[in-house]
Amino acid sequence: MQGRAFVYTGAREPFELREFPIPEVAPGAALVRLTLSNICGSDLHGWHGDTPREPPTIMGHEMTGRVERLGAGVATDSAGEPLREGDRVVYSYFYPCRRCTPCLSHDQLHCTSRRIGAGRRKSDQPPYFTGAFADYYYLRPGHYVLKTPDHLTDREVAPLNCALAQVVYGLHEAGLRAGETVVIQGAGGLGLYAAAVAREAGAVNVVVLDRIPERLSLAKRFGADHALDIDEFESPERRIEAINDLTGGGGHVVAELVGHPAALVEGIRMVRAEGRYLVIGNISARHTIEFNPAWLVHLNRRMVGVGGYQSWALRRGLELLDRTRSRYPWGEVLSHTWPLESINEAFEHADRGAAIRTGLVCAPDLAVL
Ligand SMILES: [Zn+2]
Ligand SMILES: [Zn+2]
């Protein structure tokens, strides 16, 4: 038995279709039949060659699917619910060792042997299926997996294990508290989620900045009080003034979810005195900016960088989706879906910034869209 994968072969090169043997499932592991895999902003960075990887690899880490095969000893999900073959699941794409110093200090995110199962491993050796742009995904022993509630669609849950868990964790790390004001730079998937997460955390004023009209109107439906078109201001200074006026002196928390370093120069100055600037979107090793440390010092601002999340954020995100399903249009963040076979067109399209988030349907017969 073989499964398909679309393999990364080099920066900006088309993904190549390859077939790999379906691996034996070790005790404690599980094999997932993927139904929906998304193109995350970091996949675009990766495809551009901004983050190192050695081809051939299977990229993609934002996904959902159904249990195809359970390894010996796996009878429940990570919340203790019975787990069976055929069940729909969501899961983290990294595997803490649970034995190193960070792991033993409840910091699985910084596990010294943190094994990422997506896009960094060569795909020409078992268990082959270590990324999302494929028919299968191999969940190694030590995985963190949760059963998907029946009434949530794949469209709603597929962005959970990266985008949504990322902002749940990020706003937690930024110390967001009830009654605070939040400014969000960028209304892509992460920015839209951040608006709803901030709202649910008790933010009293949520301001979102972007330039694409569809994103701005969606931001309002995700709980933003104000959605500002950045092109309506003649300079960054005017935008900073507008934020000051709307928030009474700047955001308690300002979140950078743009992915361009120039956003920092502006965003840090939208933070009020004693406030926090949360930086999530900038992951490239190549792009730098000029930065004046006085922007931090003079108003006692703090800057918080967050990449990845602790596993608890996945469960919290799932519970949030479940509880607020009728309150926010979670499923609409995935603005475009393509068949997995059209991955190259989908990447070109997503790369032009034409989508909020793009999904690749890996198994149309098994997906719950
Ligand atoms: Zn991602
Ligand atoms: Zn560890």
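No value in this document is a laboratory result; all are computed from the given coordinates. Worth saying up front: this structure is predicted, and the values here are computed from it rather than measured. Methodologically, a virtual Cβ is constructed for each residue, glycine included, from the backbone with ideal geometry; neighbour enumeration extends over all protein chains shown.
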Original post:
For the range 207-295, which chymotrypsin sites (Phe, Trp or Tyr not before Pro) are both in a DSSP coil and crowded by at most 14 other Cβ atoms within 10 Å?
Top reply: Phe291
Original post:
What is the distance in Å between the Cα centres of the range 266-306 and the range 10-76?
Top reply: 33
**OP:** Could you run the Karplus curve 6.51 cos²θ - 1.76 cosθ + 1.60 with θ = phi - 60° over the range 109-114 and give me ³J(HN,Hα) per residue in whole Hz, x for Gly and Pro?
**Re:** 4, 10, 3, 5, 10, 3
Subject >> Cα gyration tensor category, rounded, prolate or oblate, for the range 1-147 with a/c compared to 1.5 >> reply: oblate
**OP:** Based on alpha-carbon positions alone, could you give the equivalent ellipsoid semi-axes of the range 251-328 from the gyration tensor, as √(5λ), descending, whole Å?
**Re:** 28, 16, 11
**OP:** Kindly work out what percent of the DSSP beta bridges joining two residues of the chain are antiparallel, to the nearest 5.
**Re:** 55
Subject >> Prolate/oblate/rounded call for the range 175-305, Cα gyration tensor, a/c under 1.5 rounded >> reply: rounded
Original post:
Shape call for the range 272-369 from the C-alpha gyration tensor, a ≥ b ≥ c root eigenvalues: rounded (a/c under 1.5), prolate (a/b greater than b/c) or oblate?
Top reply: oblate
Original post:
Picking from Arg357, Arg88, Arg99, which is most flexible by a Gaussian network model of the chain using Cα springs under 10 Å?
Top reply: Arg99
**OP:** Kindly provide the helix-only [θ] at 222 nm of the chain, computed as the sum of -39,500 (n - 2.57) over DSSP H runs of four or more divided by all residues, to the nearest 500 deg cm²/dmol?
**Re:** -6500 deg cm²/dmol
Subject >> Amide H contacts under 5 Å for Asn205, placed H, 5+ residues apart >> reply: Val182
**OP:** List the trypsin sites (Lys or Arg not before Pro) within the range 229-290 that fall in a DSSP loop (any state other than H, G, I, E or B) and whose Cβ has at most 12 other Cβ atoms within 10 Å.
**Re:** Arg286
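Tell me, in nm to one decimal, what length is gained between Ser235 and Ser113 on full extension, where the rule is 0.36 nm per residue of separation less the Cα-Cα distance?
39.4 nm
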**OP:** Could you list the GluC sites (Glu not before Pro) in the range 250-308 that lie in coil according to DSSP, counting only those with at most 13 other Cβ atoms within 10 Å of their Cβ?
**Re:** Glu290
Subject >> Gain on full stretching of the segment that runs from Glu332 to Arg352 - 0.36 nm per residue minus C-alpha separation >> reply: 5.3 nm
